[in-house]
């Protein structure tokens, strides 16, 4: 108990101590949050009319970001799986960083759902037994369940790992229990699948209503998750002069390479079904890739995304290129951008265009949606920053419990 | 058998559950409600009947703790209706009457539309807007009439924005679309909080006070029949229809989804929906599918009817025909 009190005290102390760039970064994040909160206040006061969403395109940037962040959250735990189930001791320190990314991403993911609600004041209606929870029929109820359980899992994992390290019970390693690794594996696949089903479960949207969506989401998650962690490991290493992350980065690069290739393959498979046969399902794809009846706002986005994907694949495929950190980092940035565009402009939005009644009504995010999304991103980054600020000295053994 | 789908709707298990498990519900959600009443009542200065004047503040607390329609007792529904009527009075300064007519026994409503007669004047749309207190700004319309070139019923080739002044054009047909009241509604499945459900008389309704605005139902609807209140609905005061129903045309708020209810405030009282009355060519037929002498049954038995998007598997109760 005393150990826990001292742990909490040390955590606060670590959060409040930092160099000038730490405080500058916090100011940047807080202003991002401020802008987001201001615009969200507008949205609460005047309604969702401040967005560019419509009865035709009723989900947009928020839901796409929710899906993207869900993928990042799920795949960020991949190092835990490697460390525990594949006995890769050399990546176990980096695995903690993955868990911290997962925790921040799952918080962002939940917040993106929250800002998409028309009546967040009635959220209690979703609480099982108190409100009415339409489980298991509603896919959103599955999403809420998975997000909450995953949030608790990552919170518990982060907390336990830090506390054990703090007490000197585990030397930089996470709790290496078999079931944690198995649970992590179930979570990665389960979470991504549930998120894919949220879109693919509607006969009204033939563009989404395909079995390949879940595998595509899994491939995309294993691109974006590792790419984010590769960058994070280096940024954190940069500030902390810690460079023991090379084996983890190499492993992540390999995972990303395979996933990128598989993702492109799945995109190609879908393109075949869309364009070789002409049916209801191919109309949105036509709109997305070539434009329809003079409407084609998404066309440049999707081609740029696939272009970036191809470049990223080339960069990670060739060993000589991959091993140069600068090129690997560029590949990561390209891959993250590709997956993000693919999820927003390439999947969620064209699913609504044309509508099930054949109306073409285009959508581009409004200023408010962009600022609110930036606000949510800032909240996630703030959580992440504070967690890393606490975790690094503890994992590296600089801060320990002393009786 | 053709009618087998409807027996499911008639014996809606949820209705029974509502009566049977009231005690267990009291245990579950009751404390929230009592807390709300306690707070609301206390702040309003003691106990009061539902019809009494309640303050805006105590009403908003009552609103917050209001249960889902299917879980409310008769008294709780009356209290909720009191709050709705007072809110309308405060907002529009009109006295509205909110009804709660239950589904009539032995009735499942169905719709048929004669495409040979529709001239595309959109008078049904106008009547629907007036009857159902739909927002004029931003515009909300339950009925969408599209113009199709003769020779094809491909909705992707339809014109949603044709000019009503010029109809009917000789080489075109006009096709009104609205909620088809599915027997297997994907919107009901999609809602995470059970804010929308299929009533025993075959109408898919929404509890506007329970909806949290996820819009999953809109993504799920193959007929694009659902509408979201992106802003506060605006209706001119003198155009408000004061004859309303809890599950129908009572004033809505922003942030919730709504849809066509076959004019539940009319149809449950034996009247035709407003669009049926308004149609100048008599293209619309509405009635009880379980009554073999009804006009709708005559149409289904004697005309060559078809349903839109049957392949979506929703089993709609809205038929089209040519004659």
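Each value in this text was obtained by applying a stated rule to the coordinates, not by laboratory testing. Worth saying up front: this structure is predicted, and the values here are computed from it rather than measured. Here the Cβ is made from the backbone with ideal geometry for all residues, glycine too, and neighbour counts use every protein chain on show.
Key figures
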| read-out | value |
| --- | --- |
| Segments B:290-299, B:212-221 sorted - mean Cβ within 10 Å per residue, highest first | B:212-221, B:290-299 |
| Part-to-part distance (alpha-carbon centres) for segment A:292-318 and segment B:99-145, which is given in Å | 44 |
| Protection proxy ranking of B:99-106, A:143-150 - average other beta-carbon atoms within 10 Å, highest first | A:143-150, B:99-106 |
| Protection proxy ranking, peptides A:5-18, A:203-216, A:56-69, A:296-309, average beta carbon neighbours within 10 Å, highest first | A:56-69, A:203-216, A:296-309, A:5-18 |
| Cα centroid separation, segment A:251-290 to segment A:180-229 (Å) | 14 |
| Cα gyration tensor shape for segment A:25-68, rounded if a/c is under 1.5, else prolate or oblate | oblate |
| Rg to Rh quotient for the protein assembly as shown, alpha carbon positions, Kirkwood Rh | 1.01 |
| Taking the C-alpha atoms of chain A, convex hull volume expressed per residue in Å³ | 152 |
| Euclidean distance of C-alpha centroids, segment A:322-382 and segment A:1-72, integer Å | 17 |
| Neighbouring partner chain Cβ atoms per residue of A:49-57, average, 10 Å criterion | 4 |
| Gyration tensor verdict on segment B:175-323 (Cα atoms; rounded if a/c is under 1.5, prolate if a/b is larger than b/c, oblate otherwise) | oblate |
| Relative contact order of segment A:258-342, pairs being alpha-carbon contacts under 8 Å that are 6 or more residues apart, as % | 24 |
| Residues residue A:235 and residue A:318, FRET efficiency given R0 of 22 Å [Cβ-Cβ distance, rounded to 0.05] | 0.35 |
| Relative contact order for chain A, counting Cα pairs under 8 Å that sit 6 or more residues apart, in percent | 29 |
| Neighbour-count ranking [beta-carbon atoms within 10 angstrom, fewest first] of B:161, B:320 | B:161, B:320 |
| Beta bridge orientation in the protein assembly as shown: antiparallel %, DSSP, nearest 5 | 75 |
| Cα→Cβ-extended label distance, 7 Å offset, between residue A:19 and residue A:211, nm | 5.4 |
| Helix-only [θ]222 nm of chain A, DSSP H runs n ≥ 4, -39500 (n - 2.57) each, per residue, nearest 500 | -24000 deg cm²/dmol |
| Sites residue B:91 and residue B:269, calculated FRET efficiency, Cβ-Cβ separation with R0 30 Å, nearest 0.05 | 0.75 |
| Shielding score for B:192-205, defined as the mean number of other chain Cβ atoms within 10 Å | 3 |
| Shielding score for A:129-137, defined as the mean number of other chain Cβ atoms within 10 Å | 6 |
